[in-house]
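A quick write-up on the structure given underneath.
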Amino acid sequence: MDTQPVGPVSYDPLDDATLADPYPVLAELRAQAPAVWHNGMECWLITRYADCVRVLRDHALFARDPRRLGVSVPEASLSVQVLDPPRQAPVRSLFMTALHQQDLPALQQRTRQHAASRLAALTEQPSWEAMRELAQPVALDAIADLLGVTPPPVDEWAQVSDTIMRSMDGGLDPDLVEPGRCARQQLSDLVASWFTSTGRPAGLLGHVRARTAEAGPEHAAYTMHTARVMFQGGYSTLTAAIGNLLDTLARRPDVLTVLRERPGLVPGAVDELVRFDGPVQGTTRLAAADVRIGDVAVRRGQKVTVLFAAANRDPDAFTTPDQLVLDRSPNRHLGYGWGTHACLGTVMAQRVLTALVEALLDTRQVLRSSGPARRRRTATMRTFASLPLSFQP
């Protein structure tokens, strides 16, 4: 017998308690059914790891590109993150080839030096705002370094990025849509200037730009749009990941103690920190045909929202999922998504987070909370609006 939509589900991603700690309610959803209908969000919520991976892998049954279901999409929104295979393949291949040609160990070292410089100044302060003084500038410099461009002023860019990030929740609050459109136009103008400037960018964008002329007009447009998504998505995801990582380390001072004694654990520990409290909460697909998820009948055209945060705490996929296990292996979490629509800069993001943790270890200080933290009221991205921290000897 088919499971029919139930609701309303007691899941509000913008509820204060859920923003502070979403994992208990996600566990309840995961135990309830393989897919749970949410009336307010008008979608099926997918919370179990195996089901999430299936949705992300099966492009034939679960569409990322709404045009496959007859839904129009603005041309400026068509990037590697929206296109489905096989149309996605040429653009994704171009960016992945460019990424593999970058000297990522050197970028990691530069990020470590940048983080160390900022941390040295912060050790002199009794309290500091981690998002503004550490997460945002480190993330912006790292993604600009990767692309080979000059970063915009961090305070100015943080506002633009925040507006774009908030607009991702336009389905929950329509008032966010128009400011998001204006902010995206500012971003588009910035990225267009990188493609039209007489000087040739270095880094990843230099490689991409040099080969864009070889593609047809359609692929050239997709390339520019993908560069925009990579810059904004890389910055916002890294900023959120750094904040979540710092918050966990401040709550668990024993972690840095263990890593100082066993520095070889750092890369794996960074991976586990992302699983434990990741930046991206989920993504949505459209059912391209009638399909079943467990005993649930999903109809063609219905939205299916994969909740990464729930999948990453699924006990069927991870032993003791609510515990931080620094040497967890294997650890195939969904912190950056999965498959061809996963974050293009996943490898770079892990290196940046590793560089930050290494710089923290070098301080020989204990990281502590120095006041109430405040989460941003965003459902798609789990991040902080304010994260006051301090160092103790």
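The values are calculated or read from the model by the stated rules, or taken from the named source; none is laboratory data. Note that the structure is predicted; figures quoted are calculated from it, not measured. Note that each Cβ is placed from the backbone with ideal geometry, even for glycine, and that neighbours are counted across all protein chains shown.
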Might you let me know whether segment 231-243 holds any residue that is farther than 30 Å from P372 by Cα, assigned to a helix (DSSP H, G or I) and touching a residue at least 12 places away in the same chain (Cβ under 8 Å)?
-> yes
State the number of residues belonging to segment 343-363 that are touching a residue at least 60 places away in the same chain (Cβ under 8 Å) and either surrounded by fewer than 19 Cβ atoms within 10 Å (Cβ to Cβ) or assigned to a loop (DSSP other than H, G, I, E, B) (or both).
-> 7
With the checklist (1) under 21 Å from the mean Cα position of the chain (by Cα); (2) assigned to a strand (DSSP E or B); (3) among the aliphatic types (A, V, I, L, M) in hand, flag the one item V36 doesn't pass.
-> (1)
Checking E124 against (1) outside any loop (DSSP other than H, G, I, E, B); (2) out of contact with any helix residue (DSSP H, G or I) (no Cβ under 7 Å at 6 or more places or on another chain), which single condition isn't satisfied?
-> (1)
Just need a number here: residues in segment 152-175 that are without any contact (Cβ under 8 Å) to a residue 12 or more places away in the chain and under 26 Å from E42 (Cα atoms).
-> 4
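From the list V258, V304, V325, which residue is β-branched (V, I, T), part of a strand (DSSP E or B), over 26 Å from L140 (Cβ atoms) and modelled with pLDDT of 95 or more?
Details: V258 fails: part of a strand (DSSP E or B); V325 fails: part of a strand (DSSP E or B).
Matching residue, one of V258, V304, V325: V304.
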Give segment 19-33 a look and list any residue that's crowded, with 17+ Cβ neighbours inside 10 Å and over 23 Å from the mean Cα position of the chain (by Cα), or say none.
-> A33
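So if I check each of L172, L187, which one is under 20 Å from the mean Cα position of the chain (by Cα), outside any helix (DSSP H, G or I) and either surrounded by fewer than 18 Cβ atoms within 10 Å (Cβ to Cβ) or modelled with pLDDT of 90 or more (or both)? Walk me through it before giving the result.
Values: L187 fails: outside any helix (DSSP H, G or I).
From the options L172, L187, the qualifying one is L172.
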So which residues in segment 8-67 are in contact with a helix residue (DSSP H, G or I) (Cβ under 6 Å, 6 or more places away or on another chain), more than 21 Å from C343 (Cα to Cα) and of a type in the set (F, W, Y), if there are any at all?
-> Y11
Just checking, how many residues over segment 304-329 are within 21 Å of the chain's Cα centre (by Cα) and over 14 Å from F276 (Cβ atoms)?
-> 4
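Against the definition (out of contact with any strand residue (DSSP E or B) (no Cβ under 6 Å at 6 or more places or on another chain) and touching a residue at least 12 places away in the same chain (Cβ under 8 Å)), how does A115 come out, yes or no? Steps first, answer last, please.
Numbers: out of contact with any strand residue (DSSP E or B) (no Cβ under 6 Å at 6 or more places or on another chain): yes; touching a residue at least 12 places away in the same chain (Cβ under 8 Å): yes.
Yes, satisfied.
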